[in-house]
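Colleague: This is the structure I want to talk about, given as structure tokens.
The values are calculated or read from the model by the stated rules, or taken from the named source; none is laboratory data. All values reported here derive from a predicted model rather than from experimental measurement. No Cβ is skipped: glycine too gets one built from the backbone with ideal geometry, and neighbour counts run over all protein chains shown.
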Amino acid sequence: MKSSLQKYAPFLIFFAAMLWATDAPFRLHLTKDLPSNFIVLGEHFFDILVAIPILFLNWAEVKKLTWKGWLSVIFVAICGSALASVAFTEAFHYVNPSVAILLQKLQPFIAIGLAVGMLAERLPKRFWLWTGLAVVAAYVISFPDFVPRLYVGEVFNPNIVGVSLALVAALFWGASTVLGKYALETVSFKTMASLRFTIAFLFLFAVNAYQGTLSVIATATGKDWLFILTIAVTSGIVSMFIYYKGLSNTKASIATVAELGFPLAAVVVNWLFINSPITSVQIIGMVGLLAAIYLLTRSSREPEMQTTI
């Protein structure tokens, strides 16, 4: 059973990453009237309705976490769930979205470096070949004209603040994959996801209280709450459970490449909801990405790594 999970686990991560892109139409509506921090807090509120009972049922697992395990979980919850999103969004104020998105293509290499350095993962044969194919395919999916796309009135003028914020987001997301894998050596995927949502909720509640945005509860409409609930279910609790189930049976170095399913799904979502056409070049990129994930999955059937944090 375990070998079967290891065989298909990267595709669970790939599918979870695709689910992360499904919230775009709902999030676009919400950001017109609600602060971003409050939207994320609302998502996590619905998520903890599932997460807290799971934590109570699995409290024996939580008690087994060492201080290193707790640091890993806290980093994933605060930096991976909250601060990375804030840094990525804030980067748009200094550089055009193309620059911020382009820099996120460095995320797999950051995670791979951390996986090798912190978890002593051994990279399988032809790893860099298939990883290179996946990153190039993801780039082509995001930028089918082969150059970062600019919007009307924009110029390609990255500055140190915007680039730094985008790199911080890439670092936090890449590190969260590795540290999440480390924590999964002690707790189950359900407990890990539940801890992430609960700690992130407490952090986001404090942020909203400090910024005075909790009063938005009174002005949010029924449609707003329905959209927040939809995001919480699809790209929140469901996708994270699938993601951590896959990560518990996948090396972090391979998981971070499987997460490139996000740009593939984002293109499909844009095509379905805002009539943004999919080009033949993007279709080739999608095929290349799927092939790279499959080939990486085949190459990943090796003995489990030895953690050295």
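Colleague: Exactly one of (1) in contact with a Phe, Trp or Tyr (Cβ under 8 Å, 6 or more places away or on another chain); (2) farther than 23 Å from ALA169 by Cα; (3) at pLDDT 85 or above is unmet by SER72. Its number?
Modeller: Tallying (1) in contact with a Phe, Trp or Tyr (Cβ under 8 Å, 6 or more places away or on another chain); (2) farther than 23 Å from ALA169 by Cα; (3) at pLDDT 85 or above, SER72 fails exactly one: (2).
Colleague: Anything in region 231-271 that is touching a helix residue (DSSP H, G or I) at 6+ places or on another chain (Cβ under 6 Å) and in a loop (DSSP other than H, G, I, E, B)? List them, or say none.
Modeller: SER248, ASN249, THR250, GLU259, LEU260
Colleague: For a quick check of your reading of the model, give me the residue pairs whose first member lies in region 1-13 and is under 12 Å from LYS251 (Cα atoms) and of a type in the set (A, V, I, L, M), whose second is part of a helix (DSSP H, G or I) and at pLDDT 75 or above, with beta-carbon atoms closer than 7 Å and at least 6 apart or on different chains.
Modeller: Once the first residue is under 12 Å from LYS251 (Cα atoms) and of a type in the set (A, V, I, L, M) and sits in region 1-13, its partners that are part of a helix (DSSP H, G or I) and at pLDDT 75 or above give ALA9/GLY246; ILE13/TYR243; ILE13/GLY246; ILE13/LEU247; ILE13/ALA255; ILE13/ALA258.
Colleague: Let me ask another. Enumerate the pairs (first residue in region 44-61 and of a type in the set (S, T, N, Q); second residue anywhere and modelled with pLDDT of 95 or more and assigned to a helix (DSSP H, G or I)) with beta-carbon separation below 6 Å, excluding pairs fewer than 6 apart on the same chain, so at least 6 apart or on different chains.
Modeller: Close Cβ pairs satisfying both conditions: ASN58/THR191.
Colleague: Then there is this: Which one of the conditions (1) surrounded by fewer than 23 Cβ atoms within 10 Å (Cβ to Cβ); (2) in contact (Cβ under 8 Å) with a residue 60 or more places away in the chain; (3) within 19 Å of ALA137 (Cα to Cα) does LYS245 fail to meet, given that it meets all the rest?
Modeller: Of everything listed in (1) surrounded by fewer than 23 Cβ atoms within 10 Å (Cβ to Cβ); (2) in contact (Cβ under 8 Å) with a residue 60 or more places away in the chain; (3) within 19 Å of ALA137 (Cα to Cα), LYS245 misses just condition (3).
Colleague: While we're on this one: Of all residues in region 58-79 being charged (D, E, K, R) and assigned to a loop (DSSP other than H, G, I, E, B), which is surrounded by the most Cβ atoms within 10 Å (Cβ to Cβ)?
Modeller: Taking the candidates together, the pick is LYS64.
Colleague: Output the residues belonging to region 151-185 that are in contact with a Phe, Trp or Tyr (Cβ under 6 Å, 6 or more places away or on another chain) and either at pLDDT 85 or above or surrounded by fewer than 14 Cβ atoms within 10 Å (Cβ to Cβ) (or both).
Modeller: Answer for region 151-185, where residues must be in contact with a Phe, Trp or Tyr (Cβ under 6 Å, 6 or more places away or on another chain) and either at pLDDT 85 or above or surrounded by fewer than 14 Cβ atoms within 10 Å (Cβ to Cβ) (or both): ASN159, VAL161, ALA169, LEU179.
Colleague: If you don't mind, there's one more thing I want to ask. PHE11 - would you say it is part of a helix (DSSP H, G or I), surrounded by fewer than 20 Cβ atoms within 10 Å (Cβ to Cβ), at pLDDT 85 or above and under 20 Å from the mean Cα position of the chain (by Cα)?
Modeller: Taking the combined requirement at face value, the residue satisfies it.
Colleague: Then there is this: Six or more apart or on different chains, Cβ under 8 Å: which pairs go from a residue in region 200-221 that's under 26 Å from VAL73 (Cβ atoms) to one that's in a helix (DSSP H, G or I) and of a type in the set (Val, Ile, Thr)? Could you list them?
Modeller: If the second residue must be in a helix (DSSP H, G or I) and of a type in the set (Val, Ile, Thr), the pairs left are ALA200/ILE78; PHE201/ILE48; PHE203/ILE78; LEU204/VAL40.
Colleague: Take the residues in region 217-230 that are among the polar types (S, T, N, Q) and assigned to a loop (DSSP other than H, G, I, E, B); name whichever of them is nearest to PHE38 (Cα to Cα).
Modeller: THR219
Colleague: Give the residue, chosen from SER248, SER276, SER253, SER280, that is of a type in the set (Gly, Ala, Ser) and either under 26 Å from THR31 (Cα atoms) or under 14 Å from the mean Cα position of the chain (by Cα) (or both).
Modeller: Exactly one of SER248, SER276, SER253, SER280 is of a type in the set (Gly, Ala, Ser) and either under 26 Å from THR31 (Cα atoms) or under 14 Å from the mean Cα position of the chain (by Cα) (or both), namely SER276.
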